[in-house]
Amino acid sequence: MPTLTWLTREQDIGATKRVPYRLLEEVSEHSAGDRSTGNMLIQGDNLEALKALLPFYAGRVKCIYIDPPYNTRSAFEHYDDNLEHTKWLAMMWPRLELLRELLSEDGSIWVSIDDNEAHYLKVVMDELLGRKSFVADIAWQRTHTRENRTDISNVHDNILVYAKNRDTWRYLRNPLPKSQEQLQRFKNPDDDPRGRWSSLPIHAKAEKGRRKEQFFTITLPSGRNIDPPPGRCWLYTEERFRQMCADNRIWFGKQGNNAPRLKNFLSEVQSGLVPSTYWSHKDVGTTGTAKSEVVKLFGGQTPFSTPKPEALIERVIHIATNPGDLVLDSFLGSGTTVAVAHKMNRRYIGIEMGDHAITHCAPRLQKVIDGEQGGISESVGWKGGGGFRFYRLGPPAFDADGRIRPEIGFPVLAAHIWFSETGAPWDGIGDSPLLGIHDGRAFALLYNGILGDKSPGGGNVLTRGTLALIRKALTEASQDFYGTLTVYGQQSRLTPATLERERVAFKQTPYDIHSRT
């Protein structure tokens, strides 16, 4: 498969390994509403924030939407978009790599971009997610006005769509609801008890392999005879056609003299429409729509230069998720994605580095909780409620010498160890040194008095006594477990022979942990 090469590529593809594992610390004064919803708004560098989320959310995000800097060589108000091409790729690669790890097996990632970097981004995403995961390149008509001072007026942005497992996602994605214009095509001129219908032609191209029974003369109710149009045949055999006439599924016009057409009943057709790769401003709004929505929310201010309309994000989330699914946006900007996800009863994680995480994103979500009626509120029946927690990135989990910082609690370290060993998020609550069993292997952590010792260092040593307590918990979890047990601790007082006989692999904290950050 072709790959993209740039000046710092070799350094950039290993960047995630050098990102420190940081804590997420809640800032309660910026949280709002029901804090038990699991919704998160994070202020901080999105690369470090994504690394911090991995132990808890790897493989769990159903839909990722991001609107990264377009590298348009013009300075934006809240970040410098004038990034040299290599620096832009260096910024995108590690973030996409971590986003891939967070994506669920039935999840999808949607990236807004324009033609400054769209083609390069496509090659990078092909490499990171696989060309078979590519779903579509959607053209969003971001403006309906023409720019006459350019060679060719560019009126669209791109949205690149990839699915973790396209074969699975194809059958899980949601169709679009029919528009009023489409519904108006269904009428009932003959008062059919089956309800409204639209008509479809009943002839097809006369390709090789068509049955000779599909070539016959039809006598209309008016008495006129007609054959299939030149080069075409009927969709049905004569016998099947007569059955459909008897079932009143063929329409010949009010005078019975028109070419036959199939009655396509609204009650029998697919519940929705397959999404297309062209999204009109009439359906999902424009950049002007988005700015108007933001200005209305913030009393005349425009806090972000390139917001997206709520209707655009609603369509993405509608196609890609169902209520209760988790949505993530790591380039949150003005907060549109999380506001829309909130109104659509999805769980969400939003990450934004700038100050407007506090000055605009959090207040916008507060307005949503209070029931604001802008954007998509009316169309989705939003009345208010819910809540979120606001977080900032805390210090790295390990100091410069590789020691675990004293403020690191057992659940935080346990989640990090579990993820580094299994690649899966940890669901424990931290009331036992046994972390769990995964693929026939068990993992345990002796750390900070988990066994009830009075001193933080007590109980962090693997002895026959602490091993017996772990074994007891393991038996309660699984009566027939015979796999290996990996124990993390400060030191081990068991001999190598004992460890081998007990099928125990001992790993020392912090050294065997720090190497995995």
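The values are calculated or read from the model by the stated rules, or taken from the named source; none is laboratory data. Because the structure is predicted, anything quoted here is derived from the model rather than measured. Please note: Cβ atoms are built from the backbone with ideal geometry, for glycine as well, and neighbour counts cover all protein chains shown. To get the accessible areas, we keep the full protein, side chains included, count just its heavy atoms, and leave off ligands, DNA and RNA. Shrake-Rupley method; radii C 1.70, N 1.55, O 1.52, S 1.80 Å.
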* Structure fact -> For segment 341-362, the count of residues that are open to solvent by 30 Å² or more (accessible area, probe 1.4 Å) and either charged (D, E, K, R) or more than 16 Å from Arg392 (Cα to Cα) (or both) equals 3
* To do: From (1) in contact with a strand residue (DSSP E or B) (Cβ under 6 Å, 6 or more places away or on another chain); (2) open to solvent by 30 Å² or more (accessible area, probe 1.4 Å), pick out the condition that doesn't hold for Ile218.
  => (2)
* Asked: Looking only at segment 12-46, which residues are acidic (Asp, Glu) and either within 22 Å of the chain's Cα centre (by Cα) or crowded, with 18+ Cβ neighbours inside 10 Å (or both)?
  -> Asp12, Asp45
* Asked: Conditions: (1) within 30 Å of Val61 (Cβ to Cβ); (2) without any contact (Cβ under 8 Å) to a residue 40 or more places away in the chain; (3) out of contact with any Lys or Arg (no Cβ under 8 Å at 6 or more places or on another chain). Gln214 meets all but one. Number of the miss?
  -> (1)
* To do: Please state which one of Val338, Val316, Val295, Val327 is in contact with a Phe, Trp or Tyr (Cβ under 7 Å, 6 or more places away or on another chain), closer than 16 Å to Glu372 by Cβ and either surrounded by 20 or more Cβ atoms within 10 Å (Cβ to Cβ) or aliphatic (A, V, I, L, M) (or both).
  => Val338
* Structure fact -> When segment 338-355 is checked residue by residue, the ones that are within 23 Å of the chain's Cα centre (by Cα) and outside any strand (DSSP E or B) are Val338, Ala339, Val340, Ala341, His342, Lys343, Met344, Asn345, Arg346, Met353, Gly354
* Asked: Do the conditions hold for Ile66, that is, is it open to solvent by less than 20 Å² (accessible area, probe 1.4 Å) and either touching a Phe, Trp or Tyr at 6+ places or on another chain (Cβ under 8 Å) or more than 21 Å from Pro363 (Cα to Cα) (or both)?
  -> yes
* Asked: Quick one: would you say Arg173 is in contact (Cβ under 8 Å) with a residue 40 or more places away in the chain, under 30 Å from Ile109 (Cα atoms), out of contact with any Cys (no Cβ under 8 Å at 6 or more places or on another chain) and not hydrophobic (A, V, I, L, M, F, W, C)?
  -> yes
* To do: Select the strands (runs of 3 or more DSSP E) contained entirely in segment 378-456, then report the ones holding at least 3 residues which are closer than 23 Å to Lys51 by Cβ and at pLDDT 80 or above.
  => 387-396, 434-438
* Structure fact -> Result of the Cβ filter at 7 Å on segment 6-17, keeping first residues that are on the phi < 0 side of the Ramachandran plot and among the hydrophobic types (A, V, I, L, M, F, W, C) and partners that are open to solvent by 20 Å² or more (accessible area, probe 1.4 Å) and not in a loop (DSSP other than H, G, I, E, B), at least 6 apart or interchain, is Trp6/Thr86; Leu7/Thr86
* To do: Within segment 299-310, identify whether any single residue is acidic (Asp, Glu) and surrounded by 14 or more Cβ atoms within 10 Å (Cβ to Cβ), and answer yes or no.
  => yes
* Might you check whether a residue that is at pLDDT 95 or above and of a type in the set (Val, Ile, Thr) occurs anywhere in segment 143-158? => no
* **Val135 within 18 Å of the chain's Cα centre (by Cα) and either surrounded by 15 or more Cβ atoms within 10 Å (Cβ to Cβ) or touching a residue at least 24 places away in the same chain (Cβ under 8 Å) (or both)** => yes
* Asked: Out of the residues in segment 236-274 that are over 30 Å from Leu172 (Cβ atoms) and among the polar types (S, T, N, Q), which is most open to solvent (accessible area, probe 1.4 Å)?
  -> Gln255
* To do: For segment 39-62, indicate whether the set of residues that are farther than 27 Å from Met344 by Cα, assigned to a loop (DSSP other than H, G, I, E, B) and in contact with a Pro (Cβ under 9 Å, 6 or more places away or on another chain) is non-empty.
  => no
* Structure fact -> Only one of Asp106, Asp126, Asp157, Asp114 is open to solvent by 40 Å² or more (accessible area, probe 1.4 Å) and of a type in the set (Asp, Glu), namely Asp106
